[in-house]
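A.B. asks: Right, I'll just put the structure down here and ask away after.
The values are calculated or read from the model by the stated rules, or taken from the named source; none is laboratory data. All of these numbers come straight from a predicted model, not from anything done at the bench. Using ideal geometry, Cβ is built from the backbone for each residue, glycine included, and neighbour counts are taken over all protein chains shown. Just so you know, the surface numbers come from the protein's heavy atoms only, side chains and all, with ligands and any DNA or RNA stripped out. Shrake-Rupley method; radii C 1.70, N 1.55, O 1.52, S 1.80 Å.
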Amino acid sequence: MDRIRGEFIDIIEWTDDGRDTIVWRFPRYGNEIKMGARLVVRESQVAVFVNEGRLADVYQPGTYTLSTQNMPVLSTLKGWKHGFESPFKAEVYFVTTRQFTDFKWGTQNPVILRDAEFGMVRVRAFGTFAAQVVDAAALLRELVGTDPQFRTEEVGEHLRQLIVSKLGSALGASGVPLLDLAARQDGIGQQLAKALTLELSATGIAIPRFYIENISVPPEVEAAIDTRSRMAITGNLDDYAKLQAADAIPLAAANPGTGGDALGLGVGMALGQRIVQSTSGAAAAAVPPPLPAAPRWFIAVGGQQQGPYDESALAGQVTAGNLTRTTLVWRSGQAAWQPADQVPELASLLADVPPPLPPQG
């Protein structure tokens, strides 16, 4: 019956009853689409016409009439030497151009990042992304081939592997600290969508949307973050310990007996130690800090670095004529070598040093 039905002129169309088919080939006995066949392409579809083994055209939504060398009945009769099959093969592939939004991704192995605050950190991430065909001809050439029904599962694993390979470089290149990654997930997702679309351009697939739902760190890093949060909430740990000890005194007094007495004794000792420490700290605060170290200077004489000198030694260099207004000097804290007369700290030393003589005409 398929052979007999194949002698009629076709109405070629596709109504997708699934949600996972990307490419579907029109089923035709012997792939012998007849001359004058009517092609109906709906919205969210394109049709690729392959005539005699070559990609002939890509049809946008609309209704078209196809031209082939297969004439009803006549082509079959003329193909007697080929077993009554026409040698002129013609096929139509329908390609869905809507977005497939049910792709999920996740890192099976952690991605190692270098964070300025926590050092080397292993992170895991997962989320979803959308894929869309933007070049049906390239998709058929690079991925589909002659597959009569190309589904999302056939390309999903390839996309997930590509995402994981790009995730580490995207997170590292973003320069976002670990604690700020949650606030920057949308921006990182947009960067990854652009990078993946560029990578997949040869296959005709684009990634219009990419979502990072969660970025997690190992339990020990989470514990360190929790500890830091508690310290920030507590504020001054010394004051916090004093308050804890003071709060414990009424509790000890309200529970007389061996346990309460021991608790009261322990709290009293702890409070006494805190008072002694506070008194010692106040006494230590009255002692002035040590005098700051005098700056150490380097000078350039005859293209050679000399020093370090303190200010008294620099005065000797002025007397010896090695330190003039134009001599380059440097000390810790300066960004670069500077002429001595541009350094305010040396103004008093150079007060009696005359400027360079003007050019003699």
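A.B. asks: Taking 8 Å as the Cα distance limit and 6 or more residues as the minimum spacing, I'd like the relative contact order of region 113-210 as a percentage.
C.D. replies: Result for region 113-210 is 46 percent.
A.B. asks: Right, another one. Looking only at region 300-326, which residues have a backbone nitrogen under 13 Å from a spot 7 Å from the Cα of S332 in the C-beta direction?
C.D. replies: 308-309
A.B. asks: Packing-wise, with mean Cβ within 10 Å as the measure, how do 49-58, 92-101 rank, highest first?
C.D. replies: Sorting 49-58, 92-101 by mean packing, highest first, produces 92-101, 49-58.
A.B. asks: Then there is this: Quick check: net charge around L349, other residues with Cβ under 13 Å of its Cβ, Lys/Arg +1 and Asp/Glu -1?
C.D. replies: Local charge sum for L349: -4.
A.B. asks: Summarise the accessible area of region 114-231 (1.4 Å probe, protein heavy atoms) by the percent that is carbon and sulfur.
C.D. replies: Carbon and sulfur: 50 percent of the exposed surface of region 114-231.
A.B. asks: How far apart, in nm, are the 7 Å Cα→Cβ label points at K166 and T97?
C.D. replies: 2.2
A.B. asks: Modelling each spin label as a point 7 Å along the Cα-to-Cβ direction, I'd like the S174/Q305 distance in nm, to one decimal.
C.D. replies: Distance between the two pseudo-spin positions: 4.2 nm.
A.B. asks: A further question follows. I'd like to compare 132-141, 14-23: which one has the highest average count of other Cβ atoms within 10 Å, and what's the full order after that?
C.D. replies: Ranking the peptides 132-141, 14-23 by packing returns 132-141, 14-23.
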